[in-house]
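J.: Please see the structure below; I have some questions.
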Amino acid sequence: MWICLTLVIVMTGCTTEQQKTPEPARESPKREVQMQVTKIPDAVQHRIQTAAVEERLTPHTLSAPGEVRFDMNRVAHAASRIDGQIETVFVQLGDRVHRGQPLVAIGSLILDELIENYLVAKVRIDAARTTYHRSEMLLREKAVSMRRFQNDRAAYLETNTIHQHVQEKLANMGITGDDLRELEQGSHVEAHRYILKASMDGTIIDQQAVLGQGISAGAELFRIADTTRVWVFANLPIEEAQYFQDGDEGTIVSQGREPITAPLTYIAPFADEETLTVQVRFDVNNIAGQLKPNEYVEVRLGRAPSPVVAIPLSALTIIDGTRGAFVQRDTEFDFVAIETGQDSDGWVEVWSGVAVGDMVVTAGVFDLKSIVLQDAISGD
């Protein structure tokens, strides 16, 4: 049995473009390799199977690097609203806290003065209210003059304004109505301390509070974050970003963890002037905490299927560093270099090298490759 093998290597100095929809035109490989097997041993013949190159609807999946960040709607800064000195620290970095939970207690002379003003104003408003209501009743009975009634009414309105003003100041410091009622009864154990409380459920991710530290109003003492939902950002090429819109679903893949499906919620209305990419954002449920803010992940987005030329994955092989497939030409088999795209469900997209209707070898590829390599070694 004689085997005739012809090896032709053509080095081209220019490239050609191939139009493809919706993909942009791509250049064909600069190095085209053709190897022809003209005679096949009987032992190999029965193992060879072929399949036609087809045009198939193949989903297009775009992959891009992404970064996990905090959802800024779920981050809170805990800052003092008053000058003072930290007397007690109730929590520390990494603690899980709940809305309304005390974080620190701050001793403050300003708070002392406001509480004193409030208690005095409370006594005065109670007395002024009683006098005003009595004058109002006596006026109806014509037992007091209109002038006396008007004076009592004015005194009541004045004390009420002062009382409300002090009450609002205390409310702005986080003093609640229940706290004020306890103060009035003299049973509020924290009467002279400002208690900074958590404004949301979350985890302490930054702590600046130290026992005995003197602070001023506006000083940030803690940062709280709820990481049960996070943002994932990625940058897409302009030509790819145009195919997506809010509500499209993407897949977030982090190493060693299960992929997470999340909706696309933001597409930047402008492109980065340096990278010419468009930033997109996904809102990701992260209840199990598998995604960590500031870590890098992979983002995958799928487009609607589009018709592409495809061959079975089993037809692919590599010879002499060139990826290609064996194409049947009557009784001969040509190895042709091909350029491939994405693969799905056992098929791979082909950009150049074969055409619809060509018959590619899907079984017996290794046998044909062995023939080519053996002949190359023997020098035939």
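J.: Would you kindly work out the equivalent ellipsoid of the chain from its C-alpha gyration tensor and give its semi-axes, the square roots of five times the eigenvalues, largest first in whole Å? Write down the numbers at each step before the final one.
T.: Values: eigenvalues 1375, 98, 52 Å².
The three semi-axes for the chain are 83, 22, 16 Å.
J.: Measuring from label point to label point, each 7 Å out along Cα→Cβ, what is the Val210 to Arg181 span in nm?
T.: That separation, rounded to one decimal, is 4.1 nm.
J.: Please find the FRET efficiency linking Gln49 to Ile287, where r is the Cβ-Cβ separation and R0 is fixed at 51 Å, and quote it to the nearest 0.05.
T.: Values: r = 49 Å, r/R0 = 0.97.
In this case the efficiency is close to 0.55.
J.: Provide Leu301, Leu316 in ascending order of the number of other Cβ atoms located within 10 Å of each residue's Cβ, fewest first.
T.: Details: Leu301 22, Leu316 18.
Lowest count first: Leu316, Leu301.
J.: Here's another thing I want to ask about it. When the chain is fully extended, how far beyond the present Cα-Cα distance does Asp320 get from Leu119, taking 0.36 nm per residue of separation? If you can, show how the numbers build up before the last one.
T.: Details: separation 201, 0.36 × 201 = 72.36 nm, distance 9.21 nm.
Result for the pair: 63.2 nm of gain on full extension.
J.: Right, here's the next one. Please get the size of the charge dipole for region 109-191, origin at its Cα centre, with Cβ charges of +1 on Lys and Arg and -1 on Asp and Glu, quoted in debye to the nearest 20. Don't skip to the end; give the middle numbers.
T.: Values: 11 positive and 14 negative charges, 165 e Å.
The dipole magnitude comes to about 800 debye.
J.: Would you check the chain for Lys pairs whose C-alpha atoms are within less than 26 Å, ignoring same-chain pairs closer than 8 in sequence, and give me the count?
T.: Details: Lys20/Lys30; Lys30/Lys369; Lys39/Lys369; Lys122/Lys169; Lys122/Lys197; Lys169/Lys197; Lys197/Lys292.
Taking the Cα cut-off of 26 Å, the pair count is 7.
J.: Express in nm, to one decimal, how much length is gained between Arg303 and Thr261 on full extension, taking 0.36 nm for each residue of separation and deducting their alpha carbon distance.
T.: Details: separation 42, 0.36 × 42 = 15.12 nm, distance 1.49 nm.
Stretched out fully, the Arg303 to Thr261 stretch lengthens by 13.6 nm.
J.: Which of the GluC sites (Glu not before Pro) across region 95-163 are loop residues per DSSP, with 15 or fewer other Cβ within 10 Å? Please list the in-between numbers first.
T.: On the way: sites: Glu113, Glu116, Glu136, Glu141, Glu158; in loops: Glu141.
Here the GluC sites (Glu not before Pro) that fit, given the DSSP loop and packing criteria, are Glu141.
J.: Ranked by Cβ crowding within 10 angstrom, fewest neighbours first, how are Ser314, Ser145 ordered?
T.: Numbers: Ser314 17, Ser145 12.
Listing Ser314, Ser145 from fewest to most nearby Cβ atoms yields Ser145, Ser314.
J.: For Tyr296 and Phe366, FRET efficiency with R0 = 51 Å and r from the beta-carbon atoms, rounded to 0.05? Numbers along the way, then the final one.
T.: Details: r = 39 Å, r/R0 = 0.76.
So, using R0 = 51 Å, E works out to roughly 0.85.
J.: For Lys197, what residues show an amide H to amide H distance below 5 Å, using hydrogens built from the backbone and excluding near sequence neighbours?
T.: Amide H neighbours of Lys197: Leu103.
J.: Distance from the Cα centre of region 293-336 to that of region 58-124, in angstrom?
T.: Here the two parts' Cα centres lie 55 Å apart.
J.: Further question on the same structure: Can you work out the Karplus-derived ³J(HN,Hα) for every residue in region 113-121? Use 6.51 cos²θ - 1.76 cosθ + 1.60 with θ = phi - 60°, whole Hz, and x for glycine or proline.
T.: Calculated HN-Hα couplings, in order: 5, 5, 5, 4, 4, 5, 5, 5, 5 Hz.
J.: Just subtract the alpha-carbon distance of Glu220 and Asp246 from 0.36 nm times their residue separation and send over the number in nm, one decimal.
T.: Values: separation 26, 0.36 × 26 = 9.36 nm, distance 3.55 nm.
Residue separation times 0.36 nm, minus the Cα-Cα distance, leaves 5.8 nm.
J.: Among the GluC sites (Glu not before Pro) in region 248-342, which ones are in a DSSP loop with at most 12 other Cβ atoms within 10 Å of the Cβ? Mind listing them? Please list the in-between numbers first.
T.: Working: sites: Glu249, Glu273, Glu274, Glu295, Glu298, Glu332, Glu339; in loops: Glu273, Glu274, Glu295.
Passing sites in region 248-342 are Glu273, Glu274.
FYI, it's all coordinate maths here, none of it is from the lab. The model shown is predicted, which means the values in this text are computed figures rather than measured ones. Here the Cβ is made from the backbone with ideal geometry for all residues, glycine too, and neighbour counts use every protein chain on show.
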